[in-house]
Amino acid sequence: MDPKFTEVSQVFQLFKAAFVRKDFDTCMKLLSQLKVTLTEFKSLPPLFEETPNAIQERTLARDIYEHAVFLSVKIEDQDALERDFFQLKPYYTDTHGLQPSTQEHPILGLNLLRLLVQNRIAEFHTELELLPSSALENPCIKHAIELEQSFMEGAYNRVLGARQTVPHEIYVHFMDLLAKTVRDEIAGCSEKAYDSLSINDARQMLLFSSDQDLVKYIEEEHPEWEIRKGFVFFQRAKESAPCKEIPSLQLINQTLSYARELERIV
Amino acid sequence: MAAAATMVSSAGGLLAMLNETHPALKLHALSNLNAFVDYFWPEISTSVPIIESLYEDEEFDQRQLAALLVSKVFYYLGELNDSLSYALGAGPLFDVSEDSDYVHTLLAKAIDEYANFKTKAAEGNDESVVVDPRLEAIVERMLDKCILDGKYQQAIGMAIECRRLDKLEEAIIKSDNVHSTINYCIDICHSFVNRREYRREVLRLLVEVFWQLPSPDYLSICQRLMFLDEPDGVANILEKLLRSDNKDDALLAFQIAFDLVENEHQAFLLTVRERLSSPKLQYSESVQSGSSEPDSVRDRNATSTEDVQMTDGTQVDNSALHTDPNEAIYAERLTKIRGILSGETSIQLALQFLYSHNKSDLLTLKTIKQSVEMRNSVCHSATIYANAIMHAGTTVDTFLRENLDWLSRATNWAKFSATAGLGVIHRGHLQQGRSLMAPYLPQGGAGGGGSPYSEGGALYALGLIHANHGEGIKQFLRDSLKSTNVEVIQHGACLGLGLAALGTADNDVFDDIKNVLYTDSAVAGEAAGISMGLLMVGTASEKAGEMLAYAHETQHEKIIRGLALGIALTVYGREEEADTLIEQMTRDQDPILRYGGMYALALAYRGTANNKAIRQLLHFAVSDVSDDVRRTAVLALGFVLYSDPDQTPRIVSLLSESYNPHVRYGAALAVGISCAGTGLSEAISLLEPLTSDVVDFVRQGALIAMAMVMVQISEASDSRVGAFRRQLEKIILDKHEDTMSKMGAILASGILDAGGRNVTIKLLSKTKHDKITAVVGLAVFSQFWYWYPLIYFISLAFSPTAFIGLNYDLKVPRFEFLSHAKPSLFEYPKPTTVPTTTSAVKLPTAVLSTSARAKARASKKEAEKGKPSDKDGDSMQLENPADKKAEPEPSFELLTNPARVVPAQEKFIKFLEESRYVTVKSAPSGFVLLKDLRPNEPEVLSLTDTPSSAAASNAGGSVTGQQGSASAMAVDEEPQPPQPFEYTS
């Protein structure tokens, strides 16, 4: 067995132990070390050289990155999640003799959920299109799709209710974040739709359980709103720019020059 | 694509890795991305900002790799500017020698960019423009590589483009064949370097390189020095060669002189002549004996009323008490070279050649004359013009003499041009020009005997005879101008003076003409305007401002037009220097001045094919409100493009289909001017439909242009020439044809057979130098739209197509060489035949009045020397039609010095190896000095006092009369001046 491979395996064992212990700082350190070591393996993407231990090495690397994804969920680092997911992705798309991983669907679903949370709907659908139709039946992915549909329909309560039906424990974290996304969406709509709302209505609308939460939310996210006499006034964030003036002079000049050119046609 | 098959399907993973915190991961991602960028650039392009930030991160140690990656992505995105700037950031990682599209494209871009920078820096004189040293480094790396790899031409091209004269010099010196490299350099320098100033710099460098060579090519050096306008250098070289013991060096010096003369740069030649130091001798007697000394010509003429004496090289008084034989030889050679530099030797030889080889077809003229209605004065004068052009420089005025009655119908201005026509016929007849014209010249005081029209015409004729060599006649013309106040005579004198003093920028003459201008007489003022331009041609003097001011002041359109053209002439060849003036003229309110502006553009950028000028002209051609301006703008394109005739038909082809007849006319003449004498197939195809245009003046222009293109092209090489001749004949004979197109046809037949068919229209000398006289001649000629007598200016553009070999004594020895092509390809057009016998009888009467005497003299000499003349006559291969039918045409012919060699024939000329003479430079035409390998044998001379020059043993013996007169042509026996004739009206 290749000593480098052994070394990586050992470090990975340490990482897993720390992961179980929820010692995330150690995990981070070990992970970084693992990643650097992995760059030295020629059998891994993007080179895919067929070395004798290629399959084992790839399986190990995939395992490492899957753990990295879970770790980033645990430490609630969305950027890291995205990074790790993309580095993991080649192992799913370009298998090169690799056995499918059991974690594949949960992780793909997780990614979809992440996109939903970040309100990146376009990318969400791009990812969706790239999945084989069989994968769509998987509960993890189906969950994400249903959420997206509810989200689009505006059935926000259904989105929030979905928290109870998560197919994987790691999704819970995302459901909280999703609630926030939904709230932002509603706030944006209300702002456009109403001049003002009574605090009560606003609280219901924004799905808050208490007025304090509402006030706190307004202070943090929408300082331009004003709370007066039991009403929330949505100051129309700066009157929309006056509609563009028609560049009449320019048009006239252009037309005249066309006419002149037409006369001059050789 | 095996690599691609085992590759990842997306670069997303690697891109994600870029965001990792650990630098090792970033590096890993970068280097992998760099390897796969060719496939994944679309994905990477979205992450460019991240990579850019890596490049800008001072702490990241692989910034250059990041830069290279970004550069490649930008390259794929087509953002070459960004790509280049990042490639520069990549430093050594950007490998110049890599063989990939990316590197090639970026290198090209880098060189372009660098060249741009350097050009801007040089042109704006702006030292503040600092070229990125990294850019410079890349270009230098590239240049060095080219030189190392032996790709000198590429290196030279790049060096010139980038204004790196140091590298240029290096490339030239290191190349294996320095001479050919330099010639290549000169070629591209003339065709691709647009800035005049920069071109001079390059040439100056080339001259320096020339000097460093062990065996300098003096011919080339002198040409370059001429371009640089450095007469001192030329004079030094000539003097050195002349003082050499070796006779060959002297021959070379003569050759250089002839080549310089061909470029027609009068002012320059005069200076060279003056700078040649006089021999160190007590030389008093030569002054007295040498009224033929060229440097004394001017003073002598100030007082003399005699004709200008031709310098005769052998006339130097060798009996003088020479102390030093070397000095004596030098003195003798000096006299010869001065003769050559004055242009007189070549003019004299060309004149002899044209005279002896004259093959003009009087029958054509006769047909024209008969078919033209008597009362139609336009066609009448057109016939006279055609005659003059057909016999330009041949001194044969038989036609006029035979038809005195008919001629006398010319009245007023027609008389003016009839008289002036003599000047065209006798062009270059420097010795006897005065006496020839004497009967018509103003006698004594103002308005002596004859009609002012013939007097004015005679003065104009004198100018034409002495065009560009008018040192001798200038004073006489000035006197005539001062002593008259008849505007017709002033008109003629102004034109004559302008022609004679072409380009000399003589202030006294200028003042004289200015006085005429300020009389504000329309007729004289017009000529004065043109004349001032001729005088100041190419000087860009501030006089132009004066002229412009007067043009605004005067009421007369004619004067404005004359001045406009005059102003245009002053900026001849000045390129960018003229821009201010051109701008001023083209924005003027007055269409006539804008029209002058077009000419200014044409002349300032003559033959440069400068894009800016072409763009401007095309703009005016379609946008100006005045038809005149539009016509001229299109016409001017012909001048700008004449160095590259293949281009013109393409550029004006759209314009030739314009709805505006003026534009079509301009297009026709533009093609005529720039493709003159080339017989270019596209040009003919373009002109053909125009010759049957619906508008009469378009037909006129097209016919004239076609004739200019087809001059000296034989029917055998392009069958359309024959068709065109028949078309001309048909138009002339057709009673219902418009006068305008009829006139065009008559002129066209004149041009087609110009100069006894031994001349062509050439705007470039063999060394690609523009012939100032020719260009100016055509420019003024194109004015005939307004003023018919200006048609004669076309004669300035004629240059004899001859090979004239000269020996050390500047005589023409017998010397044979080979034209390796079928004779029929380049032969003279067959003389027209008339089925009736009457004209056949008439023909032999076309005899010069002197021919009887000459014939007698010739036969006497023949008898003395016992030499049958017909034997020599064969050599001209004027094949007997009967012989031709009998045997298949030979694939070559032997030509005898001097011989007609048309431009298309030049590439077939070969010199025989066993020949007695060897040429000093291998040129297929023009004046060529011959080295005598057997100096001890007696030389047989042709074109001199031996009667063997009976080259005119004519085809079919139809014109027997000229045979005798031809033999009378000799250095010391010039043809007698023809008897003066009087108008009988």
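The values are calculated or read from the model by the stated rules, or taken from the named source; none is laboratory data. Remember, it's a predicted structure, so these values are computed and weren't measured experimentally. When we count neighbours, we look across all protein chains shown, and the Cβ atoms used for this are built from the backbone with ideal geometry, even at glycine. Ligands, DNA and RNA are stripped out before the accessible areas are found, and what is left, the full protein with its side chains, is counted by its heavy atoms. Shrake-Rupley method; radii C 1.70, N 1.55, O 1.52, S 1.80 Å.
Using only the alpha-carbon atoms, how far is helix A:104-117 inclined from the longest principal axis of chain A? Give it as 0 to 90 degrees, nearest 10. Taking Cα atoms only, the helix is inclined about 20 degrees.
Going by average Cβ neighbours within 10 Å, how do the peptides B:486-495, B:542-551, A:253-262 rank, with the highest at the top?
On the way: B:486-495: 28.6, B:542-551: 17.9, A:253-262: 10.1.
Descending packing order for the listed peptides: B:486-495, B:542-551, A:253-262.
Within 10 Å, count the other beta carbons around each residue, average over each peptide in B:930-942, B:806-818, B:67-79, A:72-84, and list them highest first.
Numbers: B:930-942: 14.0, B:806-818: 20.0, B:67-79: 21.5, A:72-84: 18.2.
For the peptides B:930-942, B:806-818, B:67-79, A:72-84, the packing ranking is B:67-79, B:806-818, A:72-84, B:930-942.
Annotation: lysines with alpha-carbon distance below 16 angstrom to residue B:766 (same-chain offsets under eight excluded): B:907, B:921. Counting only Cα atoms, region A:52-127 measures 43, 26, 18 Å along its principal axes, largest extent leading. Taking all protein chains together and rolling a 1.4 Å probe, residue A:227 ends up with roughly 70 Å² accessible.
Take every Cα-Cα pair in region A:1-56 and report what % of them are more than 20 Å apart. Let's see the in-between values first.
Numbers: 467 of 1540 pairs.
Counting every Cα pair in region A:1-56, those more than 20 Å apart make up 30 percent.
In terms of distances greater than 27 angstrom between alpha carbons, the cross-link table entries B:336/B:771; B:558/B:762; B:366/B:830 yield B:558/B:762. An ellipsoid equivalent to chain A, defined through the eigenvalues of its Cα gyration tensor, has semi-axes of 46, 33, 18 Å when rounded to whole angstrom and sorted largest first. Under 5 Å from the amide H of residue B:895 lie the amide H atoms of B:817, B:818, B:819, each residue being 5 or more positions distant or on a separate chain, with H modelled from the backbone and absent for Pro and chain starts. Overall dimensions of the protein assembly as shown, expressed as equivalent-ellipsoid semi-axes from the Cα gyration tensor (√(5λ), whole Å, largest first), are 87, 37, 29. Proximity of backbone amide H atoms, modeled 1.01 Å from N, is registered between residue B:931 and B:918, B:919, B:920 at under 5 Å, excluding neighbours fewer than 5 places apart on the same chain. Once the mean of 1/r is taken over each pair of separate Cα atoms and inverted, region B:536-671 shows a Kirkwood hydrodynamic radius of 14.5 Å.
With viscosity set to 1.567 mPa s at 4 °C, what whole-number translational diffusion coefficient in µm²/s follows for region B:14-106 from Stokes-Einstein and a Kirkwood radius over Cα pairs?
Numbers: Rh = 12.9 Å.
The estimated diffusion coefficient comes to 100 µm²/s.
A straight chain from residue B:937 to residue B:187 at 0.36 nm per residue would run longer than the Cα-Cα distance by 265.9 nm. Buried between B and A is an accessible area of approximately 1800 Å², summed over both sides with a 1.4 Å probe. Partners of residue A:142 within straight-line reach, counting aspartates and glutamates whose Cα lies under 15 Å from its Cα and excluding those fewer than 8 residues away in the same chain: A:104, A:127, A:129. Among B:652, B:719, B:767, whose Cα lies farthest out toward the positive end of the dipole of region B:646-770, if unit charges sit on the beta carbon of Lys, Arg (+1) and Asp, Glu (-1)? Farthest towards the positive end: B:767.
Sorting B:21, B:554, A:165, A:51 by solvent-accessible area of protein heavy atoms yields B:21, A:165, A:51, B:554, largest first, with a 1.4 Å probe. The phi-based Karplus calculation (6.51 cos²θ - 1.76 cosθ + 1.60; θ = phi - 60°) puts the 3J(HN,Hα) values of region B:714-726 at 8, 5, 5, 8, 8, 5, 5, 4, x, 4, 5, 4, 5 Hz, whole numbers, x for Gly and Pro.
Relative to the first principal axis of the alpha-carbon coordinates of chain A, what is the inclination of helix A:3-20, with its axis defined by its Cα atoms, in degrees from 0 to 90 and to the nearest 10? Compared with the principal axis, the helix lies near 60 degrees.
In terms of Cα to Cα distance under 20 Å, which lysines are near enough to residue B:118, apart from those fewer than 8 places away along the same chain? Within the straight-line cut-off, residue B:118 pairs with B:109, B:167, B:612.
Within 10 Å of each Cβ in A:79-86, how many Cβ atoms from other chains are there, averaged over the peptide? Write out the running numbers ahead of the final one.
Values: counts 2, 4, 0, 3, 9, 4, 3, 9.
Mean shielding by partner chains, rounded to a whole number: 4.
Largest first, how would B:662, B:265 line up by accessible area (1.4 Å probe)?
Sorted by accessible area, descending: B:265, B:662.
Eigenvalues of the Cα gyration tensor times 5, then square-rooted: what semi-axes does that give for region B:370-455, in whole angstrom, largest first? Mind dumping the intermediate values first?
Details: eigenvalues 93, 62, 17 Å².
They are 22, 18, 9 Å, listed from largest to smallest.
Backbone phi angles across region B:335-350, fed through the Karplus curve with coefficients 6.51, -1.76 and 1.60 (θ = phi - 60°), yield HN-Hα couplings of 4, 4, 5, 5, x, 5, 5, 5, x, 5, 4, 5, 5, 4, 5, 5 Hz in residue order; Gly and Pro are listed as x. For region B:776-792, backbone phi angles converted through the Karplus equation (6.51, -1.76, 1.60; θ = phi - 60°) give residue-by-residue couplings of 4, x, 5, 4, 6, 4, 5, 7, 4, 3, 9, 8, 4, x, 6, 3, 4 Hz, Gly and Pro being listed as x. Here region B:710-776 has an Rg and Dmax of 14.7, 47 Å, counting Cα atoms alone.
Among the lysines of region A:6-122, pairs that are 8 or more positions apart or on different chains and have alpha carbons within less than 17 Å of each other number 6. List the residues, sorted by chain then number, that are 5 or more residues from residue B:941 or on another chain and whose placed amide H is less than 5 Å from its amide H. Distant-sequence amide H within range of residue B:941: B:814.
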